[in-house]
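**Q** Sharing a structure with you now.
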Amino acid sequence: MYSIDFFHNKNLTDSKEIVNVIAKKLNIPSSTIKNVSIEKKSLDARKKKDIKWFYRVNFECTKTLKRGVKRVIPEKVPSLIIKGLQNKKVVIVGMGPCGIFACLRLAMNGAKCIIIERGSKIEERIRDVKTFFTTRTLNEESNIQFGEGGAGTFSDGKLTTRTKSPYHSFVFDEFIKAGAPEEIRYLSNPHIGTDKLRVVIKNLRNKLLSLGVEIYFNERFEKLILDKDRNVRGIITSTREIFCDSVILATGYSARDTYEILYEQGVFMEPKGFAMGFRMELPQKKIDEIQYGKVSKSLPPAEFFLNCHFKDKGLSVYTFCMCPGGIIVPACSKKGFLVLNGMSYYKRSGFFGNSAVVISLNPEIWGKSIFGGLELQKKVELDSFVAGGRDYTAPAVTTKDFIEERVSTSLRKASYPFGVKPFPIWEIFKEWKDFFKKAIIDFDRKMKGIISEDVLLLASETRTSTPIRIKRGEDGMSVNTKNLYPCGEGAGYAGGIVTSAVDGLKIVEKII
Ligand SMILES: Cc1cc2nc3c(=O)[nH]c(=O)nc-3n(C[C@H](O)[C@H](O)[C@H](O)COP(=O)(O)OP(=O)(O)OC[C@H]3O[C@@H](n4cnc5c(N)ncnc54)[C@H](O)[C@@H]3O)c2cc1C
């Protein structure tokens, strides 16, 4: 197989077009080029006057090629086959990406799997989220955090990850088979969008069912069944007892009650750093103009990533989880606590773009107590709820007013479904106010236009990752509780959809 790198000013979507470009570049007939597949595709917008696409394409050729190409051997995908799981009965708590992929691998290898998910199946969950958006009545068990598909289902479905794992291709393939766009395989910043993701999740559920998995929705894990040597023998849920060989705990970062249950049962945990701050929203047109120097229908809605590092303090303020053409959503799972996040549809065609602006916090800040980080999150979420008027309206300020510590007299309309209310939101983050101010000034230097009346900061974004790690050993089990496999984002071993899914796939290797 050959590989060729090239730049092109057009967004090539058709394989025929790609074949013609390669044929022209190598001066060979296009009929000699076979089995074309894009390995990488990214937009290079460093020179605004010469924005182009980079392509790395693999192909076969009936002629022997010597120049302008590299010979490549297709990457070996690791085998997902594991022997010795046939007679195992495994309970998986949580049906987010981690639980789904752990279960998929277990079931493919013949294990008997039972999924326990506190939230509803996707069809009902969509209705529950809609009810919240229209009536401000939150269902604490079925919402943007809880339910089939996990926390990322009502998101942008970004699949970017800084980690490299041979399991990525398996995760992407399964998403594609379940209905995600083919391009996620090669785009540098792939995303699925909440609309397509909802279909993907339903198809993954059907695949699990076809493999004999039992799935129980609206059922909450409430306790471990432990013997006197701290071996897990099963679990107690909100409706029954289930005995099993192993429990995979994939409950995500919002299941605060679950952390408390585990703590009471003596499961070892430790504090972990996390980040929190605001959601920033800009008109998408403005982002495109800043990043591309123009607005163009042929270019995808632009993204950005900004970072301001405070070396002497060992912390950073950075943008995170950008949703081009998306909306800001209330990602609440407890009444009276306001937490924001972002969501986009596949087309990313909304009027605004949003991104978290967060500060990294380490456990020294809260005296390293296990629940200190969680308490801090709760305090900020409660303060934000109260500041917004106790009805999930988001307290907000323009970046211009934030810098000058002035309450905004009027705010433009935001994408957030419950609206915004002027509030001095720096008061919610008193200790870190100056870091945020300096960072925003720095961001404006890097992306002129960030400090403006049409750029809003909404409070608050607290759940970027978990502030607690449920520590596991080399054998994948909790360090002091046998047969318990803490996994994914909630256990502190992953961050985001892809790494959580990969963590789920990998933990299965430990179960034999
Ligand atoms: C609005 C939003 C947007 C996001 N956008 C992105 C993005 O674009 N890209 C990205 O990579 N990441 C994104 N994330 C983060 C991403 O969703 C998480 O990193 C990922 O879902 C973690 O996977 P997980 O399986 O470990 O946990 P989760 O997805 O949180 O799943 C945990 C599941 O466990 C269930 N559960 C919890 N407690 C119990 C219990 N006691 N009993 C039974 N079930 C229980 C929950 O209901 C939930 O379904 C976003 C998150 C949110 C909230």
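The values are calculated or read from the model by the stated rules, or taken from the named source; none is laboratory data. This is a predicted model, so every value here is computed, not measured. Ideal geometry is used to build each Cβ from the backbone, glycine not excepted, and the neighbour counts take in all protein chains shown. Quick note on the areas: whole protein, heavy atoms, side chains included, nothing else; ligands and nucleic acids left out. Shrake-Rupley method; radii C 1.70, N 1.55, O 1.52, S 1.80 Å.
**Q** Quick check: pseudo-label points 7 Å beyond the Cα along Cα→Cβ at Asp475 and Arg46, how many nm apart are they?
**A** That separation, rounded to one decimal, is 5.0 nm.
**Q** Follow-up question, since we're still on this one. Hey, what's region 356-512 come to in accessible area per residue, 1.4 Å probe, Å²?
**A** With all protein chains present, region 356-512 gives 37 Å² per residue.
**Q** I'd like to check one number: the per residue accessible area of region 2-71, probe 1.4 Å, reported in Å² as a whole number.
**A** 65 Å²
**Q** Show the residues, 5+ positions off or on another chain, whose built amide H is closer than 5 Å to the amide H of Asp156.
**A** Ser344
**Q** OK, next. Using a ≥ b ≥ c from the Cα gyration tensor of region 364-512 (square roots of the eigenvalues), is it rounded, prolate or oblate, where a/c under 1.5 gives rounded and otherwise the larger of a/b and b/c decides, a/b for prolate?
**A** Prolate.
**Q** Over what distance in Å are the Cα centres of region 102-138 and region 412-486 separated?
**A** Using only Cα atoms, the two centres lie 25 Å from each other.
**Q** In region 386-459, which trypsin sites (Lys or Arg not before Pro) are in a loop and have at most 12 other Cβ atoms within 10 Å, using DSSP for the loop call?
**A** Answer by residue number: Arg390, Lys413, Lys448.
**Q** If you take every DSSP beta bridge whose two residues both sit in the chain, what share of them, in percent to the nearest 5, is antiparallel?
**A** 75 percent
**Q** Calculated FRET efficiency, Arg67 and Lys164, Cβ-Cβ r, R0 41 Å, to nearest 0.05?
**A** On the way: r = 30 Å, r/R0 = 0.73.
Result of the calculation: an efficiency of 0.85.
**Q** In whole angstrom, how far apart do the alpha carbon centroids of region 173-248 and region 254-303 sit?
**A** Measuring centre to centre over Cα atoms gives 22 Å.
**Q** Stretch Glu289-Glu431 to full length: gain in nm at 0.36 nm per residue minus the Cα-Cα span?
**A** 47.7 nm
**Q** At what distance in nm do the modelled label points of Glu375 and Ala23 sit from each other, each positioned 7 Å from its Cα along Cα→Cβ?
**A** Placing both labels 7 Å beyond Cα along the Cβ direction yields 7.0 nm.
**Q** While we're here: Check cross-link reach from Lys83 to the lysines: straight Cα distance under 23 Å, and skip same-chain residues fewer than eight apart.
**A** Cross-link targets: Lys112, Lys207, Lys482, Lys506, Lys510.
**Q** Restricting to Cα pairs below 8 Å that are 6+ residues apart, what does the relative contact order work out to for region 271-461? Please round to a whole percent.
**A** Relative contact order, region 271-461: 28 percent.
**Q** Along Cα→Cβ, 7 Å out, is where each label goes; now give me the distance between the ones at Asp391 and His8 in nm to one decimal.
**A** Label-label distance for Asp391 and His8, simple model: 5.3 nm.
**Q** Just to confirm the filter: which trypsin sites (Lys or Arg not before Pro) across region 1-99 are DSSP coil and have at most 13 other Cβ within 10 angstrom of their Cβ?
**A** Answer by residue number: Lys10, Arg46, Lys47, Lys63, Lys66, Arg67, Lys76, Lys83.
**Q** Between Glu364 and Ser238, take the C-beta separation as r, use R0 = 45 Å, and let me know the FRET efficiency to the nearest 0.05.
**A** Calculated value: 0.75.
**Q** Net charge near Phe418, counting Lys/Arg +1 and Asp/Glu -1 over other residues with Cβ under 15 Å of its Cβ?
**A** Residues near Phe418 contribute +4 overall.
**Q** On average, how much accessible surface per residue is there in region 78-191, in Å², for a 1.4 Å probe, leaving out ligands, DNA and RNA?
**A** 38 Å²
**Q** At 1.4 Å probe size, with the rest of the protein present, what percent of the exposed accessible area of the chain is carbon and sulfur atoms?
**A** 51 percent
**Q** Separate question: May I ask you to derive the relative contact order of the chain, considering only C-alpha pairs under 8 Å and at least 6 residues apart, and to give it as an integer percent? Please report the intermediate quantities before stating the final value.
**A** Working: 1167 pairs, mean separation 88.4, N = 512.
Value for the chain: 17 percent.
**Q** Compare the Cα positions of Val90, Gly152, Thr32 along the charge dipole of the chain (+1 at Cβ of Lys, Arg; -1 at Cβ of Asp, Glu; about the Cα centre) and return the one farthest towards the positive end.
**A** Result: Thr32.
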